[in-house]
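The values are calculated or read from the model by the stated rules, or taken from the named source; none is laboratory data. Computed from a predicted structure; not experimentally measured. A quick note on method: Cβ atoms are made from the backbone with ideal geometry, for glycine too, and the neighbour counts reach across all protein chains shown. Accessible surface is based on the protein model in full, side chains and every heavy atom, while ligands, DNA and RNA are left aside. Shrake-Rupley method; radii C 1.70, N 1.55, O 1.52, S 1.80 Å.
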Amino acid sequence: MSNAADAAAPVDFEQRKALARAITSIESGGNQALTLEEAALATPANAHVLGITGPPGAGKSSLVSALLPLALQRYSSVAVLAVDPSSAVTGGALLGDRVRIDYRHFGNRVFFRSMASRGHQGGIAAATRATINLLDADQWPLIIIETLGIGQVELDIVDLADRVLVVLNPGWGDGFQANKAGLTEQGDAFALNKADRPGLEQAKILLEQSLQCLPVERPPSVFPTIATDGDGVTELWHDLAQLLADSPTESSKKRRILAAREAARAQLLSDFETFLNCGGGEATQEKSPGTATDLLAQFYQQRS
Amino acid sequence: MRPKRILMAKTGLDGHWRGPTIVARALRDAGFEVIMIGMATTNEIVAAAVDEDVDLVGLNIGGHIDVALRAVDAVQSTCPDMPLFAGGTIPPHACKQLEAKGLEVFPPGSALTDIVASANRLTGLSSQQ
Ligand code: B12
Ligand SMILES: Nc1nc2c(ncn2[C@@H]2O[C@H](COP(=O)(O)OP(=O)(O)OP(=O)(O)O)[C@@H](O)[C@H]2O)c(=O)[nH]1
Ligand SMILES: [Mg+2]
């Protein structure tokens, strides 16, 4: 595996291929994925992780594109992971977030990966956590995660990221939506994107009122933006950069480590169950402790 | 088995989106993960093919065949085993040039079922015939 690279050097495709293939392995799941994640978590690293979420078409990718050049002024390099939905019918997916990205800032300093949700609920893919950990270990100092278009509750990103930007639009809802649980409770900053559309002022007032009711010292700020023109993006980035700088050291990493352990445990149990069901453990219940130990030894051998 | 991944790129500055969009949709409906990058330079196509670790690169070619041929060369030199296929309004002599580089080429009027069958073949989902 490689290290995130310096700005001037030409793109090292061999290093990138290694990283890209490791992500594919993680997406394929199973033991190999767990081993890769374990190794990643053992590597000292401490990336800032920024989640960007909001309803379909709100302008998440367009904002990523507008924020990238600003982020590159503060961070030596940036990795973007963009999740889009898989079809529940065919398993296929149209991963279209790249279409919005202005590639002029690409080169060695930006790594961009599109990821299909592959049936996972919660606004991200099952492989998203481990991929963040891998990118972190690969020394990308800022990792941006774009979730798929979410509704009101698919907020798993909150557990994986240091900070979360919620993207909404004018006309997104009235005072009732603004006070419903979910979206408005979890963001660290809010963009009212498509500020060129009617209804901006009302949306801003409602959202700010709702955020002021949160039991926090400093309620999140609301930034009107026009991602496609860059309007308001500098102010938004200023806030995000400060939030990331102030985020407690290793806070999201600790949560990702706990989640990784939980995933490993679940995988182990399910593998053992499969092993038992595949003949290894016929009538296990009636076996003596000695036989059970043999079984475990067999299982262990099979796995390693 | 994991879904196969296909990059769908447009070479050249060209507003003809319908072809690649329809093809991408057909591939999606056949179970592929299709990564759209839109209009892209040679370097951007290569970088996307690498970062996305795709199994197949699709090029929608509009206008200048030279640009497309350069993109093919760049992909093939960076990713030697990467299969490519292409479509769009490609004149017959240009189709031959692309085929000479090992591409399967689908000019206007090609059936989507043939394109999907080609994707299945090129990504190893069905055997070569
Ligand atoms: C619709 C159209 C437009 C629309 C495009 C709308 C859109 N969103 O796509 C508009 C009006 C914008 C347009 C504009 C222009 N167009 Co126009 N347009 C057409 C037209 C009539 C149909 C194209 C189309 O959508 N076909 C339907 C799709 C599904 O077919 P397809 O793209 O060929 O795709 C098929 C295959 O090629 C293949 N395929 C396509 N991509 C891929 C990718 C992969 C990986 C694979 C495997 C297969 C594959 O699969 C598809 C299914 O069979 C064609 C003429 C024609 N009959 O082809 C001219 C045509 C493409 N246009 C042409 C031109 C010159 C222009 C203009 C420059 C000006 C003009 N003279 O009109 C502008 C350029 C604008 C710009 N900035 O790019 C020329 C191109 C000549 C050339 N070879 O370079 C054509 C051929 C007309 C002509 N005979 O002069 N156009
Ligand atoms: N008018 C206007 N259009 C915008 C703005 N930002 C984005 N758009 C357009 O809105 C559409 C969707 O933008 P995306 O950036 O793809 O939105 P997204 O939230 O990433 O979408 P998904 O990933 O599909 O959920 C595109 O056509 C953009 O050009 C804006 O500020 N104003
Ligand atoms: Mg998007």
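Structure above, values below:
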{"item": "Residues within the stretch B:39-58 that are among the β-branched types (Val, Ile, Thr), part of a helix (DSSP H, G or I), open to solvent by less than 30 Å² (accessible area, probe 1.4 Å) and more than 8 Å from chain A (Cβ to nearest Cβ), tallied", "result": "1"}
{"item": "Residue satisfying all of: in the stretch A:210-226; among the aliphatic types (A, V, I, L, M) and under 14 Å from residue A:183 (Cα atoms); surrounded by the fewest Cβ atoms within 10 Å (Cβ to Cβ) among these", "result": "A:214"}
{"item": "Residue match in the stretch B:59-74 (condition: in contact with a Phe, Trp or Tyr (Cβ under 9 Å, 6 or more places away or on another chain) and surrounded by 19 or more Cβ atoms within 10 Å (Cβ to Cβ))", "result": "yes"}
{"item": "Residues of the stretch B:9-38 satisfying the condition of being at positive phi and open to solvent by 10 Å² or more (accessible area, probe 1.4 Å)", "result": "B:12, B:31"}
{"item": "Qualifying helices (runs of 4 or more DSSP H) (wholly inside the stretch A:130-209; at least 2 residues being surrounded by 22 or more Cβ atoms within 10 Å (Cβ to Cβ))", "result": "A:157-160, A:183-186"}
{"item": "Residue A:67 vs. criteria open to solvent by less than 10 Å² (accessible area, probe 1.4 Å), more than 9 Å from ligand 3 (Cβ to nearest atom) and either touching a Lys or Arg at 6+ places or on another chain (Cβ under 7 Å) or facing another protein chain (nearest Cβ under 10 Å) (or both)", "result": "no"}
{"item": "Residues (at the interface with chain B (Cβ under 7 Å from one of its Cβ atoms) and open to solvent by 30 Å² or more (accessible area, probe 1.4 Å)) located in the stretch A:90-101", "result": "A:90, A:94, A:99"}
{"item": "Boolean, residue B:124 is closer than 15 Å to residue B:30 by Cβ and either of a type in the set (Gly, Ala, Ser) or in contact (Cβ under 8 Å) with a residue 60 or more places away in the chain (or both)", "result": "yes"}
{"item": "Pair list, Cβ under 6 Å, 6 or more apart: the stretch A:140-156 residue not assigned by TED's automatic domain parsing to the domain that holds residue A:75, other residue open to solvent by less than 40 Å² (accessible area, probe 1.4 Å)", "result": "none"}
{"item": "Residue A:78 vs. criteria outside the structural domain of residue A:262 (by TED's automatic domain parsing) and farther than 30 Å from residue A:204 by Cβ", "result": "no"}
{"item": "Residues of the stretch A:227-272 satisfying the condition of being under 30 Å from residue A:57 (Cβ atoms), open to solvent by less than 80 Å² (accessible area, probe 1.4 Å) and in a helix (DSSP H, G or I)", "result": "A:233, A:236, A:237, A:239, A:240, A:241, A:243, A:244, A:252, A:256, A:259"}
{"item": "Pairs with Cβ under 8 Å, 6+ apart, first in the stretch B:1-26 and free of Cβ contacts under 8 Å to residues at least 60 places away in the same chain and under 14 Å from residue B:115 (Cβ atoms), second assigned to a helix (DSSP H, G or I) and open to solvent by less than 20 Å² (accessible area, probe 1.4 Å)", "result": "B:8/B:20; B:8/B:24; B:8/B:27"}
{"item": "Any hit, the stretch A:102-116, residues being in contact (Cβ under 8 Å) with a residue 24 or more places away in the chain and either in contact with a His (Cβ under 9 Å, 6 or more places away or on another chain) or more than 14 Å from chain B (Cβ to nearest Cβ) (or both)", "result": "no"}
{"item": "Residue A:74, sole failed condition from (1) closer than 29 Å to residue A:267 by Cα; (2) of a type in the set (D, E, K, R); (3) away from ligand 3 (no atom under 16 Å from the Cβ)", "result": "(1)"}
{"item": "When residues of the stretch B:1-38 are limited to those that are basic (Lys, Arg) and assigned to a helix (DSSP H, G or I), the one farthest from the other protein chains (Cβ to nearest Cβ)", "result": "B:18"}
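A quick yes/no check of all residues on (1) within 11 Å of ligand 1 (Cβ to nearest atom); (2) within 11 Å of the chain's Cα centre (by Cα):
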{"position": "B:72", "(1), (2)": "no, yes"}
{"position": "B:90", "(1), (2)": "yes, no"}
{"position": "B:93", "(1), (2)": "no, no"}
{"position": "B:104", "(1), (2)": "yes, yes"}
{"position": "B:118", "(1), (2)": "yes, yes"}
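Let's see how each residue does on (1) open to solvent by 30 Å² or more (accessible area, probe 1.4 Å); (2) without any contact (Cβ under 8 Å) to a residue 12 or more places away in the chain; (3) within 16 Å of ligand 2 (Cβ to nearest atom):
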| residue | (1), (2), (3) |
| --- | --- |
| A:12 | yes, no, no |
| A:39 | yes, no, no |
| A:47 | no, no, no |
| A:57 | yes, no, yes |
| A:73 | yes, yes, no |
| A:85 | yes, no, yes |
